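The values are calculated or read from the model by the stated rules, or taken from the named source; none is laboratory data. Computed from a predicted model, the values in this text were never measured in an experiment. Counting neighbours? That spans all protein chains shown, and the Cβs are built from the backbone with ideal geometry, glycine included.
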Amino acid sequence: MAKTKILIIHNKYRNLGGEDLAVENETSFLKEYFNVEVLYFSNNIFIATQILNFFFNKNFFAERKIFNKIEEFNPEIVYFHNTWFNIWNNVFLKLAEVTDIQIFLKLHNYRFNCTKTYSGKTHLEGSKICKGCGGDKRTLKYFNKYFDSSYLKSFLVNYYGKRYYKILKNENIKILNLTSFQREFMINEGFNEKRLFVFPNLIKLEKFNKIESSSYILYAGRISNEKGINELIETFSSLKTNYKLLIIGDGPEAKKLINKKIKNIKFLGELTHEETLSYINNAKAVITNTKLYEGQPTLLCEASLLKVPSIFPDNGGIKEFFPKDYELKFNHNDKNSLRNILENLESYDLVGLGEQNSLFTKKILDNDKLSKKFMDIYDNV
């Protein structure tokens, strides 16, 4: 029996991130069960080209490349991941006219909801913090300025995003959500629940040998305000603890925080994925203090599979990747709650929590179950 053909399309980020890695892992997984080919795009294009794309609401080069590949490969499924900004929305409209091809689109974040309006005040709708970008009423005010601290760039992102939001409403597109929380979020936004399916990212890891004597907690990710890094460092630096906080990554807040030269905090810069995994494997725990509704926490899932416990805010869909009564989650945007866990970390059974998390995550991300689920989505008409 011939394998179902899947064409995966993804616009890579300028700096390799969790979403790029997730796409690579999922592609590798799907190739074990299906006939898969991949088209990658990049945002490293000329400014003049980007302006033309905005003006015409399409990327002629990307569109031609995609449809040439479809004609050559003849897939049953065209599966999109990130499309911002090189893969333009017009591709979806043209593809929707091809009735014998199913369109899948995985949403890795909540950015689609971040650009519904140019007015920050209207967009927040009573919330203190935007769940797509981490901005708050003090910074967004009446006009969004969240993208590169630029009104012009933020306007262009909003221009793209407002059209992207309309595309998501297209009934011919099956949307893959990373969590049940994200699916419910979209249902509450008025999306048709019959075309929303929960399908998490696959995690692929090699085995590592553990070093038992480590005494550090690890943060790995973007060093930016929306990730709660300032609050995390402020809290950690005031603790009386023998633990160190190691920070892997880069971002707009990095230089300012590095210059503070805080005694028990060390910045390691950007590392390869393999180097990062080695640090995760030997950590006492990993930590995130994100202000956002994250899609799927790659760092935390990798830590679980390596039997390393995670410390995280009780926010959005993160908790779906952990047992219901998990002990190391703290109240969202609550520094006292975070401090309480860090100060009492030695009182928890960290080895036991790591083992528990590993078993739980392996059940959720079981390859055979997910391959069947993928076909169930395809068969669901």
Residues satisfying the stated conditions in the stretch 331-381, i.e. charged (D, E, K, R) and within 26 Å of the chain's Cα centre (by Cα): 334, 335, 339, 355, 362, 363, 366, 368, 369, 372, 373, 376
Here's a check for you: in the stretch 1-38, which residue that is buried (at least 19 other Cβ atoms within 10 Å of the Cβ) and of a type in the set (A, V, I, L, M) is nearest to residue 270 (Cα to Cα)? 22
Taking the condition among the hydrophobic types (A, V, I, L, M, F, W, C), in contact with a strand residue (DSSP E or B) (Cβ under 9 Å, 6 or more places away or on another chain) and crowded, with 17+ Cβ neighbours inside 10 Å, does residue 265 pass? yes
In the stretch 58-75, how many residues are surrounded by 16 or more Cβ atoms within 10 Å (Cβ to Cβ) and not in a helix (DSSP H, G or I)? 3
Cβ-Cβ under 6 Å pairs, at least 6 apart or on other chains, the stretch 209-238 side on the phi < 0 side of the Ramachandran plot, far side assigned to a helix (DSSP H, G or I) and aromatic (Phe, Trp, Tyr): 218/279
Restricted to the stretch 158-209, and to residues that are assigned to a helix (DSSP H, G or I) and of a type in the set (A, V, I, L, M, F, W, C), which residue is nearest to the chain's Cα centre (by Cα)? 181
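Restricting to the stretch 288-306, what's the tally of residues that are touching a Lys or Arg at 6+ places or on another chain (Cβ under 8 Å), of a type outside the set (S, T, N, Q) and within 20 Å of residue 355 (Cα to Cα)? Reasoning before the result, please.
Step one: list which residues in the stretch 288-306 are touching a Lys or Arg at 6+ places or on another chain (Cβ under 8 Å), which gives 288-293, 305.
Subsequent filtering for residues that are of a type outside the set (S, T, N, Q) retains 291-293, 305.
From the residues that got through so far, the ones that are within 20 Å of residue 355 (Cα to Cα) too are 305.
Number of matching residues: 1.
In the list 196, 205, 178, which residue meets the criterion of being closer than 20 Å to residue 21 by Cβ, touching a strand residue (DSSP E or B) at 6+ places or on another chain (Cβ under 8 Å) and of a type outside the set (Ser, Thr, Tyr)? Steps first, answer last, please.
Values: 196 fails: closer than 20 Å to residue 21 by Cβ; 205 fails: touching a strand residue (DSSP E or B) at 6+ places or on another chain (Cβ under 8 Å).
Within the list 196, 205, 178, the selection yields 178.
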Leading residue by the ranking (nearest to the chain's Cα centre (by Cα)) among those in the stretch 216-258 that are modelled with pLDDT under 90 and of a type outside the set (S, T, N, Q): 222
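Considering only residues that are in a helix (DSSP H, G or I) and of a type in the set (Lys, Arg), which ones fall in the stretch 249-276? Break it down into steps so the answer makes sense when it comes.
The initial filter retains those residues of the stretch 249-276 that are in a helix (DSSP H, G or I), namely 254-258, 273-276.
255, 256, listed by residue number.
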